[in-house]
Every structure is written in structure tokens, then in C-alpha cells.
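Let me begin by presenting the structure, written as C-alpha cells, before commenting on it.
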Amino acid sequence: MHLFLTGKVQIGKTTVVDKTIARLGVTPGGFRTYFGEDRRAPHHFLYMSSAARPRSFAPDHAVAEFRLGADGAPTACQLLPRFVELGLHCLEDAQRHPMLLMDECGRLEQRLPAFRQRVLELLDGSTPILGVVREDAMDWLEEIRRHPGVQLIPVTVENRDRLPEELAAYFMDLLEQTKNRKEKWE
């Protein structure tokens, strides 16, 4: 079963993910998307990198460009061509890793059919996935939420501090089972 965290913006979903991965002591495959320190600036970017690498704020990791209006609300978002290229690259060697990270699946990918298709293919696979899915009502996000291999875990103020330990225990069991199956067939 793949576990996907969901919850309000800034509730701590990525913090739960980071603490869970640290407890597991594994290098996951997959991707991370994140904003830089300029998130509230009138002009800022969304970045993406492999989950196996540190976050990078270099221009070649920028995958979407945002502009804010005078009221501070986003007025335009432009997906950069490298979103699909970098996203697919992060997912291409997924089976080499003991588990996958997908942080975060959101509304921007609605316009990226090749990337969405690869995520859904991986959900059909056996490599364990820890992901984050936005609460937005979109067909693409509903496909993740309704996938038979996905369990949604709401992150709340009340549970976010205990979730990393619980999630790590769940994935440790899965990773041990996978390791034992591989050893049996070698």
C-alpha cells in the first residue's frame, strides 16, 4: 500500500515526509517540489529535484514561474518546459530505489499528461511510495486518491508530530519484506 499525505497548505506535510525519510535511513527515488525563500515575492519559482538529492534552487531546477498581483494573490503561472523533462527524469530509475517519494502531486501536473501517466504507472507497481497530494478537486488528483493501492493519511496539528514514527514503522516493515523476497529468489 502506498501512503499519501494530505492536508491544509503549510500544515507540515513535507516536514512529516522529511522526518520519516530520516528515520528510515534510506535514499528514496522520486521527486520533490518546493519553493525558495522568495515564495512571497511578486516573482518566484517552483523548483523540482530528485528525492535522492538535496534541494536545488538553481535555474535548471525551476519548473514553474509565478507572478503575484498587487493584492498578493497569484495572477499567472507559467509551466516551464523542463517540468516534464526533469519530472520524468526523477521517476525514470524509480525501481533502483527501495522506495519512492512524490512530494508533491498538485494542480500544475493537470497539464502534463506524460508526467501524470508515469506517476499512475508507478502507483500500479510494487515499490513503496510515500507521497503528498494536494486537497484540490481535480481529476488527476482524484485518480491518485481513488487508486486502489493508495491510502490517504490526513496531516493535522494533532497528529503531525507522531506521524513520522508511525510512517517509518510502516515502511520499515514493507522494506524488510521486499528485501526478504529478493534474497529468497537470489
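The values are calculated or read from the model by the stated rules, or taken from the named source; none is laboratory data. The structure presented is a predicted model; accordingly, all values stated were derived computationally and were not measured. We place every Cβ from the backbone using ideal geometry, glycine too, and count neighbours over all the protein chains shown. Protein only, heavy atoms only, side chains kept; ligands, DNA and RNA dropped before computing areas. Shrake-Rupley method; radii C 1.70, N 1.55, O 1.52, S 1.80 Å.
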Per residue Cα convex hull volume in Å³ - calculated over segment 63-160: 123 Å³
Distance histogram for segment 60-106 (every C-alpha pair counted, 5 angstrom bins, percent rounded to whole numbers): 5, 17, 20, 20, 16, 10, 6, 5, 2, 0
Values of log10 I(q)/I(0), in the order q = 0.16, 0.18, 0.22 Å⁻¹, for segment 12-105 under a Debye, Cα-only, solvent-free model: -0.69, -0.83, -1.10
Cα gyration tensor shape of the chain, rounded if a/c is under 1.5, else prolate or oblate by comparing a/b with b/c: prolate
Distant-in-sequence amide H partners of Met102 (H built 1.01 Å from N, under 5 Å): Phe31, Leu130, Gly131, Val132
³J(HN,Hα), Karplus 6.51/-1.76/1.60, whole Hz, each residue of segment 46-54, x for Gly, Pro: 9, 10, 9, 8, 4, 5, 7, 10, x
Fraction of accessible area attributable to carbon and sulfur, segment 27-114 (%, probe 1.4 Å): 53 percent
For the chain, accessible area per residue (1.4 Å probe, heavy atoms of protein chains only), Å²: 55 Å²
Cα extents of segment 124-167 along the three principal axes, largest first (Å): 30, 27, 12
Packing-based order for 170-177, 43-50, 131-138, using average beta carbon neighbours within 10 Å, highest first: 43-50, 131-138, 170-177
